[in-house]
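Read-outs throughout are calculated quantities, based only on the coordinates presented, and are distinct from any laboratory measurement. Only a predicted model underlies this, so the values are computations on that prediction, with no experimental measurement involved. As a convention, Cβ positions derive from the backbone with ideal geometry for all residues, glycine included, and neighbour counts pool all protein chains shown.
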Amino acid sequence: MARQVRTSPGAAYDLGYHVVWCPKYRRRVLEGRVKTRLEELIHAKAGEHGWEIIALEVMPDHVHLFVKPRPKDSPSYVANQFKGFTSHHLRAEFAHLRSQLPTLWSRSYFVASVGAVSAATVQRYIETQYERVPKSGGRGA
């Protein structure tokens, strides 16, 4: 995937999160109409915040999401926005989710930052900053 740098007042960024979360007790309830509605709700919430969904896969017992948020949106904020919004709507629309589970989602989630370069590349870039200082005595960028 090519790097897509976005800008906002005072920032240029290319930030992505891989977020995974599961229903309570890892119950297999994300199928059929529930799965379809969950996908719609995730896209709606992303649109509300201006986040770009790169990939979404809803499995019967967990959700994988690759989303590109803004720099001010922390990983926990992103995960909790999706979980809270979808839980509220799905439990209101599907009575069997209320009767089968005390809450729709487990309290935990997994999140990893996703970037266009590896951690090793960033570390090497930082560690070699002084090697790139221009001869004029300026600072390397």
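Brief remarks on what is shown
- Efficiency of FRET from Cβ geometry, Arg124 and Arg91, R₀ 41 Å, rounded to 0.05: 0.30
- Cleavage-rule hits (trypsin sites (Lys or Arg not before Pro)) in the stretch 1-106: DSSP loop, at most 12 neighbouring Cβ within 10 angstrom: Arg3, Arg28, Lys72
- Other-chain or far-sequence residues with amide H under 5 Å of Val114's (modelled H): Gly16, Tyr17, His18
- Neighbour counting of Cβ atoms within 10 Å sorts the residues Ile54, Ile126, fewest neighbours leading, into Ile126, Ile54.
- Distance between the pseudo-spin-label points of Ser76 and Glu48 (7 Å out from Cα toward the beta carbon): 2.1 nm.
- Once both labels are positioned 7 Å from their Cα atoms along Cα-to-Cβ, the gap between Lys35 and Glu57 label points is 1.2 nm.
- One way to sum up the overall shape of the stretch 11-132 is the equivalent ellipsoid from its Cα gyration tensor, whose semi-axes run 34, 14, 11 Å, largest first.
- Residues whose amide H falls under 5 Å from that of Trp105, counting only those 5 or more places apart or on a different chain, are Lys24, with hydrogens built in the peptide plane.
- Integer Hz, Karplus 6.51/-1.76/1.60 couplings in order for the stretch 6-14, x for Gly and Pro: 9, 10, 9, x, x, 8, 10, 8, 9
- From the alpha carbon centroid of the stretch 1-41 to that of the stretch 85-122 is 8 Å.
- Span-like helix ranges in the chain, DSSP H, alpha carbon extent 15 angstrom or more, Kyte mean at least -1.0: 32-49, 75-93
- Environment charge at Asn80 (Cβ cut-off 13 Å; Lys +1, Arg +1, Asp -1, Glu -1): +2
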